[in-house]
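J.: Quick one: structure below, then a few questions.
The values are calculated or read from the model by the stated rules, or taken from the named source; none is laboratory data. It should be emphasised that the depicted structure is a prediction, and the values quoted were computed from it without experimental measurement. Here the Cβ positions follow ideal geometry from the backbone for every residue, glycine too, while neighbour counts run over all protein chains shown.
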Amino acid sequence: MDEFASTFIKDQEGRTVSSVINTTLRRDSRDHAFLTTDGSDNSLSVDWASGLFGADASYVKTILNSAWWYPLPLWKFVGFLHGKTGYVDGSDIPIYERFFLGGINSIRSFDSGDVGPRDPLTGDRIGGNKMILFNAELLFPLVETQGLRGVVFFDAGNSYFEGEDIDFNDLKYAYGGGIRWHSPMGPLRLEYGINPDPKDGEDKSKFQFSMGVFW
């Protein structure tokens, strides 16, 4: 491990043993898994990690996710609203169970994992124990028979360290557009996100590409 890495990261060097029970409640009323025009997908997920059976980590992680699609009267436009929030609390929480935002399913003007608390000494991303995320999209057909769609979007969110409150004045943002194709190989996405207020060290924009299920 890098000797100049965050102490928070160094403390997690080596193997971590977890014993986790997961419970998820979900209601999915979408009319199509990928080319959705109407319905919603809502879920509540709870992970309980116990120190039983020799496990190292002990925490409870809760994630609430809500996505809604609305058919609009103009030229087969579809509106999409998405909200997500999460909280994890406990001891010896593995860093990969903390919250990092950014990427094509999050805030699209940042790379995956680039949004969240940093170690003030090293600048390393160390993840938050709480997060909030909002997405709004307008979808429209480009070549309907081929499952090709256009999209314009707006994203906002952030994650926060222990002791910090969720601050709506400290959100990270993205807006932009892209193309989605329900191809024979599965769903493909190419999207371009713009950061309207880049801080020092942040990029002004990002291209994002993905294959497979999203949201």
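J.: Does the range 185-215 hold any residues that are among the small types (Gly, Ala, Ser) and either assigned to a strand (DSSP E or B) or surrounded by 11 or more Cβ atoms within 10 Å (Cβ to Cβ) (or both), and which are they?
T.: Hits for the range 185-215 are GLY186, GLY193, SER205, SER210.
J.: Here is a follow-up. Might you let me know whether the range 111-126 holds any residue that is free of Cβ contacts under 8 Å to residues at least 24 places away in the same chain, part of a strand (DSSP E or B) and farther than 18 Å from GLY201 by Cα?
T.: no
J.: Pick from ALA136, ALA156: which is outside any loop (DSSP other than H, G, I, E, B), in contact with a helix residue (DSSP H, G or I) (Cβ under 9 Å, 6 or more places away or on another chain) and under 14 Å from ILE107 (Cα atoms)?
T.: ALA156
J.: Going by what's in this entry, would VAL78 be described as under 25 Å from THR23 (Cα atoms) and either surrounded by fewer than 20 Cβ atoms within 10 Å (Cβ to Cβ) or over 12 Å from the mean Cα position of the chain (by Cα) (or both)? Can you show your working first?
T.: Details: under 25 Å from THR23 (Cα atoms): no; either surrounded by fewer than 20 Cβ atoms within 10 Å (Cβ to Cβ) or over 12 Å from the mean Cα position of the chain (by Cα) (or both): yes.
Against the criterion (under 25 Å from THR23 (Cα atoms) and either surrounded by fewer than 20 Cβ atoms within 10 Å (Cβ to Cβ) or over 12 Å from the mean Cα position of the chain (by Cα) (or both)), VAL78 does not qualify.
J.: Criterion first (acidic (Asp, Glu) and at pLDDT 95 or above) does ASP155 satisfy it?
T.: Yes, satisfied.
J.: Report yes if some residue within the range 90-110 is surrounded by fewer than 16 Cβ atoms within 10 Å (Cβ to Cβ) and either touching a helix residue (DSSP H, G or I) at 6+ places or on another chain (Cβ under 6 Å) or at pLDDT 95 or above (or both); otherwise report no.
T.: Scanning the range 90-110 turns up no residue that is surrounded by fewer than 16 Cβ atoms within 10 Å (Cβ to Cβ) and either touching a helix residue (DSSP H, G or I) at 6+ places or on another chain (Cβ under 6 Å) or at pLDDT 95 or above (or both).
J.: Using beta carbons and a limit of 9 Å, which pairs, at least six apart or on different chains, have the first residue in the range 144-164 and under 22 Å from ASN195 (Cα atoms) and the second one part of a strand (DSSP E or B) and acidic (Asp, Glu)?
T.: VAL151/GLU137; VAL151/GLU191; VAL152/GLU137; PHE153/GLU137; PHE153/GLU191; PHE154/GLU137
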